[in-house]
1. Filter region 223-237 down to the residues that are of a type in the set (D, E, K, R) and closer than 11 Å to Trp308 by Cβ and list them by number.
2. Whether any residue in region 203-215 is out of contact with any Ser or Thr (no Cβ under 7 Å at 6 or more places or on another chain), farther than 26 Å from Ser76 by Cα, at pLDDT 90 or above and surrounded by fewer than 15 Cβ atoms within 10 Å (Cβ to Cβ) is what I want to check.
3. Can you name the condition, by its number, that Ala272 falls short on among (1) closer than 22 Å to Asp294 by Cα; (2) touching a helix residue (DSSP H, G or I) at 6+ places or on another chain (Cβ under 6 Å); (3) surrounded by 13 or more Cβ atoms within 10 Å (Cβ to Cβ)?
4. Can you name the number of the only condition in (1) on the phi > 0 side of the Ramachandran plot; (2) small (Gly, Ala, Ser); (3) touching a residue at least 60 places away in the same chain (Cβ under 8 Å) that Ser150 fails?
5. Hey, can you tell me all the residues within region 58-99 that are on the phi < 0 side of the Ramachandran plot and in contact with a Ser or Thr (Cβ under 7 Å, 6 or more places away or on another chain)?
6. Would you pick out the residues in region 210-246 that are among the acidic types (Asp, Glu) and assigned to a strand (DSSP E or B)?
7. Exactly one condition in (1) loosely packed, with under 11 Cβ neighbours inside 10 Å; (2) under 19 Å from Gly305 (Cβ atoms); (3) assigned by TED's automatic domain parsing to the domain that holds Ile302; (4) aliphatic (A, V, I, L, M) is false for Ala259; which is it?
Amino acid sequence: MSRQIAFVASVLMLISLGGTVPLAMADEPVKAVVIPGGKPCQGTLQIRGKSYNLDRAVAYTSIVLNEECVNVLLSSSTIPIDKLKTAILDGNGADDKFFFFQPNVKITFSKEGKARFFNAYGDGGSVSAAGSDLKGQLAIKDGRGSGSCSYIPDEKKNGFDVQYDLAVLPIPQAVFAKIEAEKAERLAKRAQKEKERKAKKEADAAKAAVAEATGPKAHSLPIPQGATNVEFQKQTGQIRFQCPSDVVSTANFFVQQLAAQGWTAGKDLIRAKSSIMKRTKGDASLSIFVRPADGATSVQIIAKGLSWDEAKPAVGK
């Protein structure tokens, strides 16, 4: 144990003096780890120049960025493993809901055992990193994970060097059961929405067919005298044109003519700058927008439930 402590101390001394320590590359074979006293780990964390001895640890499988990984969490304080397990269960395999505000370093390894990144906390500060300065391995055999990892960057205030040999907690089967249940629920909701969408589409098509056969004729709607650029757009259910009369006169034309055709008036807003009118007749409806446009008056009628046959429009009636 004294030899290991001396080794860690020498690493930190070299960090503070700007020296370097030969470290195993990430793709080197995992070296055997022997931790005296049967402890799960040993090592030191340095945050903002303050050091912490890491003698508590837990290794567990979790979902990280939609990938199954193994985390090794080391701390100078007791780790609430029951809370960790609950968080993983609630998080569908992820530990995002686990919060541990004691000095610690969490190293995330790929399934192949390579260190991907780490997060460390201590003295009110934190550091996260990946890349070439993070060197470590994790070998898993018979449910145990062992190896070493270090982060010794050029800057002197943050770093760690640790060894570990401990059991790896698997993701609980309840998590996979929950994930499958939620997946089945999503698929069922998606299928139900698709069923409702198709039913609505069929109902709308049937309603449109009835309207096409029995509804008010789009081309029978009144068009002011002198209207130009008249467009009957069946696909969008719109009628557009321009006319020489002003906005209020054009709006009053529709008020009178649609009443004569038996359309029921809704709320009207008739003003010189813009007019809006609503009309209904059976299942059919009209929304009429009258606006000034480049010396003329622009009319847009948005219609529902009309028959779009090619009868001649009643211009000026």
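1. Narrowing region 223-237 to residues of a type in the set (D, E, K, R): 231, 234.
Hit for region 223-237 is Lys234, nothing else.
2. Yes, region 203-215 has at least one match.
3. Exception for Ala272: condition (3).
4. (1)
5. Taking region 58-99 first, the residues on the phi < 0 side of the Ramachandran plot are 58-64, 67-91, 94-99.
Listed by number, the residues that qualify are Val64, Glu68, Cys69, Val70, Asn71, Ile88, Ala94, Asp95.
6. Glu231
7. Condition (1) is where Ala259 drops out.
Matching residues to (1) within 30 Å of Asp246 (Cβ to Cβ); (2) touching a residue at least 60 places away in the same chain (Cβ under 8 Å); (3) out of contact with any strand residue (DSSP E or B) (no Cβ under 6 Å at 6 or more places or on another chain):
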site	(1), (2), (3)
Val162	no, yes, no
Lys178	no, yes, yes
Arg190	no, no, yes
Lys195	no, no, yes
Lys201	no, no, yes
Gly215	no, yes, no
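The values are calculated or read from the model by the stated rules, or taken from the named source; none is laboratory data. All values reported here derive from a predicted model rather than from experimental measurement. FYI the Cβ positions are ideal-geometry reconstructions off the backbone, even for glycines, and counts take in every protein chain you see.
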